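What follows is one structure encoded as structure tokens, with my remarks underneath.
Where a number appears in this text, it was derived from the coordinates with a stated rule and is not lab data. What you see is a predicted model, and the numbers here were worked out from it, not measured in a lab. All Cβ positions, even for glycine, are placed from backbone atoms using ideal geometry, and neighbour counts span all protein chains on display.
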Amino acid sequence: MNQIADNQICISDNSKQVIDSFLDALWMERGLSENTLSAYRSDLYQFSKWLQQNKIILIQVEAKDILAYLATSKNVSARTVARRLSSLRRLYEYLLREDKVKQNPVSNVDAPRLGRSLPKSLTESEVEELLEAPDINNALGVRDKTMLELLYATGLRVSELVGLTVQQVNLRQGVVRVTGKGNKERLVPLGEEANSWLEQYLNSARGEILNHVGTDAMFPSNRGKAMTRQTFWHIVKRYAIVAGIKKTLSPHILRHAFATHLINHGADLRVVQMLLGHSDISTTQIYTHIARERLKDLHAEHHPRG
């Protein structure tokens, strides 16, 4: 038996070996990010644990076993069930190719219907209030202000922001070079405001925070190490309270605001797709729905017969 420290899930060595081999193959074929691979690993370890409890062998699973497992997902969203099913489908496609199984037990199992949920966003005035919340009279406040300005100006993913290095930013050209999902690289304009704050931050606050500690991390913590996503979002939530924003903030809320506000001001959908680093424009089209919802709200609020 092998104890999996990340999730405290105990599974057999054979199951772990199969799952890890699949994830290695997936990484080589698709170049998925560590976050995506971790999500697959968590789902598959949970499934393997359930199989073990029910004395079912991973490579002998049938469709009825998949359905029985999914039926245990009570009080779980349809989106989570669909993600778990996707993990299993990919695993058994891989095992079928490797001649480890004779058929894919997931092939005839339908995913739950998903409603197209609109990501929550902030209004332009709320963004302004959030950007003004840090105390720029100290180094950490300047760092936080710069991070918020950069996030809103570029629409970076949070993982891209906290993983940013000094070498990825070119202040003279006013661009940031980002390696996103699937190791795809894109250049994103900084805009005057974010460029100005980055220059100010690099010239003073960053050195004060590091206190002669060497690192290429653009935004180190006060311990001189690269900041984690969790730390950054604790920071954002703290500033949301300072700004008096009552909305529950999601991890991508400034990225959503970036895209929504661009489209509200007439930006081309293809341009927004490139800036966000979406491989498929259907992912970006969700923001046109947000823009339409905003127009409906404005019409209802201001039209005499709204």
### Task
Mind checking the full-extension length gain between ASN183 and TRP27? Use 0.36 nm per residue of separation minus the Cα-Cα distance, one decimal, nm.
55.1 nm
### Message
Need the list of aspartates and glutamates near LYS64 for cross-linking: C-alpha distance under 18 angstrom, and skip anything on the same chain fewer than eight residues off.
### Response
GLU93, ASP110
### Message
With an 8 Å Cα cut-off and a minimum separation of 6 or more residues, compute the relative contact order for the stretch 74-231 in percent.
### Response
18
### Task
Could you rank the peptides 84-97, 216-229, 132-145 by their average count of other C-beta atoms within 10 Å per residue, with the highest value first?
84-97, 132-145, 216-229
### Query
Under a point spin-label approximation (7 Å from Cα along Cα-to-Cβ), what is the HIS265-ILE57 distance to one decimal in nm?
6.2
### Query
Taking the Cα centre of each part, how many Å lie between the stretch 37-59 and the stretch 202-255?
36
#### Entry: Contour minus Cα-Cα distance for THR80 and SER221 (0.36 nm per residue)
47.5 nm
### Query
Using 7 Å Cα-to-Cβ label points, what is the GLU128/ASP110 separation (nm, one decimal)?
4.9
